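One structure is given below, encoded as structure tokens.
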Amino acid sequence: MVGLRMSDGARERLDAERRQTLARLADLTEDFDAVVAASRDTNADDEHDPEGATIAFERSQVQALLRQARRHLDEVEAALERLGAGTYGTCEVCGGPIAAERLEARSVARTCITCASKGR
Ligand SMILES: [Zn+2]
């Protein structure tokens, strides 16, 4: 590593987070396909079939996790863009710096702790 700029560590963290999120998406997509395949083997459309209800529940759970993971991937990619643009670590609301500890805990943070605590 050369230099002590904050963005060096940030890029590594974001790259790692991006890889993890992509792996998670791949896993979840596999899970989802498996649930869909399972629902095809049973009368999943039959609300009175307890197994069908379980599968429908599992499917909605996996869908929710997939949505979360996709949203997180978007956030990570937006953070990487900000890093490239030189605006990473700058609060989008007040324009002030985002504390390094906050970025370490939440590398996709767009706002400083003050603005975040105001719910913006
Ligand atoms: Zn702020």
In whole Hz, the Karplus estimates of ³J(HN,Hα) for region 73-79 (6.51, -1.76, 1.60; θ = phi - 60°; x where Gly or Pro) are 4, 4, 5, 5, 5, 5, 5
Measuring from its Cα centre, region 80-120 shows a charge dipole (+1 at each Lys and Arg Cβ, -1 at each Asp and Glu Cβ) which, in debye to the nearest 20, is 160
Helix 6-41 sits off the longest principal axis of the Cα atoms of the chain, rounded to the nearest 10 on a 0 to 90 degree scale, by 10
With +1 at each Lys and Arg Cβ and -1 at each Asp and Glu Cβ, the charge dipole magnitude of the chain around its Cα centre, to the nearest 20 debye, comes out at 1060
If amide H atoms are modeled at 1.01 Å from N in the peptide plane, then the residues at a separation of 5 or more from Thr90, or on another chain, having amide H under 5 Å from its own are Ile98
For the chain, inverting the pair-averaged 1/r of distinct alpha-carbon atoms gives a Kirkwood value in Å of 16.7
Phi-derived 3J(HN,Hα) across region 93-104 with the Karplus relation (6.51, -1.76, 1.60, θ = phi - 60°), rounded Hz, x for Gly and Pro, is 8, 9, x, x, x, 8, 4, 4, 5, 5, 5, 5
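Computed from the coordinates by the stated procedures, all read-outs in this text should not be read as laboratory data. Here the structure is a predicted model, which is why all the values come from computation and not from measurement. Glycine gets a Cβ as well: all are built from the backbone with ideal geometry, and neighbour counts include every protein chain shown.
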